[in-house]
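Here is the structure we will look at, set down as structure tokens.
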DNA sequence: TGACGTCCCATAAAATCCCATGATAACCCA
DNA sequence: TGGGTTATCATGGGATTTTATGGGACGTCA
């Protein structure tokens with residue numbers, strides 16, 4: 001593969017616009033990561049509102065499956081199981097892009113993220129997030145600030 | 001002997017120019033280091049703005065993966081994880097050179113480094129940096145000054 | 001029937017491919 | 001050691017492909 005495509009994690013931020021029909025292109029790079037992570041018979045990606053931030057989380061099928069794994073360790077029918085299942089699944093929204101790689105966001109997600117006419121796709125490694133552009137900028141600045149304090153546990157082997 | 005090509009770290013300083021299409025050649029020596037450090041399925045290099053200097057950091061795939069390793073030790077969904085992921089990934093920009101070894105820098109990186117028509121590639125061992133030539137010179141001078149006062153810690157064995 | 005999503009085609013801009021060139025540096029052989 | 005021959009490199013540019021975006025037509029499911 002060429003160009004941005006040869007990556008297996010979501011990196012960088014990209015800004016695209018809604019068209020008149022409410023469609024947005026998923027950045028090409030992200031599309032190819034999604035394809036690489038796709039699971040036969042599952043939708044290409046799963047959206048859900050972030051529970052801590054005004055943005056939409058986008059999960060590739062495989063990553064979402066992993067996310068849900070802790071469920072298996074809870075006894076079925078327990079309250080914990082139900083709670084977790086509800087938290088994970090109830091507001092998840094599986095989705096496949098059209099042939100041009102565009103998606104249409106359901107209203108509840110657009111509202112949750114406060115989207116208007118443009119969206120920022122923010123790569124976060126395993127997943128990516130969809131933000132209102134202004135909020136995205138703010139978020140990154142904040143994250144930079146905070147992670148400056150969260151000094152990394154020193155790497156063994158002198159990092160090299 | 002093969003000259004610089006046989007080295008696995010980024011050494012030296014090279015200055016190249018943007019062409020009319022906004023492309024710059026990565027110095028040949030750096031290219032071969034990048035190839036040596038490449039990871040199957042990942043882009044050849046990852047750029048990000050330096051958070052401490054007006055320059056662009058260029059990471060080979062493997063080194064970047066190491067940089068991001070601490071993430072794996074944080075539980076998904078923790079605030080630390082989110083902050084760190086955003087800080088590391090959101091402004092990263094993966095890319096692959098064209099067949100001639102040239103790259104096109106996105107605007108936000110060109111602006112961050114204040115690039116105009118030429119760029120200086122500065123080898124820093126594990127990574128290299130991309131500078132506006134004047135700023136690079138200044139930077140090197142400062143670094144020389146400062147490192148005069150610094151004593152290197154004794155080396156333990158072990159190359160990366 | 002009508003709203004909405006999908007299929008298909010269209011397009012401008014941008015990125016990439018592919019070929020070309022002058023300059024320099026590496027090489028070879030006498 | 002000299003001097004010509006090659007290979008490599010930085011750079012240039014036309015042709016092609018990809019990408020983001022726009023929009024008409026069709027299906028489907030209430």
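The values are calculated or read from the model by the stated rules, or taken from the named source; none is laboratory data. Predicted model, so just to flag it, every value in this text is computed and none were measured. All Cβ positions, even for glycine, are placed from backbone atoms using ideal geometry, and neighbour counts span all protein chains on display.
Tell me which of these residue B:25 doesn't satisfy, since it passes every other one: (1) more than 16 Å from DNA strand D (Cβ to nearest atom); (2) at pLDDT 95 or above; (3) crowded, with 20+ Cβ neighbours inside 10 Å.
The number of the failed condition is (1).
Would it be correct to say that residue A:53 is more than 14 Å from the chain's Cα centre (by Cα), within 14 Å of another protein chain (Cβ to nearest Cβ) and outside any helix (DSSP H, G or I)?
no
Filter the stretch A:6-28 down to the residues that are in a strand (DSSP E or B) and more than 12 Å from DNA strand C (Cβ to nearest atom), then identify the one that is farthest from the other protein chains (Cβ to nearest Cβ).
A:17
Given the condition under 23 Å from residue B:94 (Cα atoms), within 12 Å of DNA strand D (Cβ to nearest atom), in contact with a helix residue (DSSP H, G or I) (Cβ under 9 Å, 6 or more places away or on another chain) and away from chain B (no Cβ under 14 Å), answer yes or no: does some residue in the stretch A:99-113 qualify?
Within the stretch A:99-113, one or more residues are under 23 Å from residue B:94 (Cα atoms), within 12 Å of DNA strand D (Cβ to nearest atom), in contact with a helix residue (DSSP H, G or I) (Cβ under 9 Å, 6 or more places away or on another chain) and away from chain B (no Cβ under 14 Å).
Can you go through A:32, A:43 and tell me which one is part of a helix (DSSP H, G or I) and more than 12 Å from the chain's Cα centre (by Cα)?
The conditions single out A:32.
Condition test on residue B:96, is it within 11 Å of chain A (Cβ to nearest Cβ), within 16 Å of DNA strand C (Cβ to nearest atom) and in contact (Cβ under 8 Å) with a residue 40 or more places away in the chain?
So residue B:96 fits the description; yes.
Evaluate the stretch B:58-80: report whether one residue or more is within 16 Å of DNA strand D (Cβ to nearest atom), closer than 24 Å to residue A:144 by Cβ and either buried (at least 19 other Cβ atoms within 10 Å of the Cβ) or more than 9 Å from chain A (Cβ to nearest Cβ) (or both).
yes
Out of the residues in the stretch B:102-114 that are buried (at least 18 other Cβ atoms within 10 Å of the Cβ) and within 17 Å of residue B:27 (Cα to Cα), state the one that is nearest to DNA strand C (Cβ to nearest atom).
B:103
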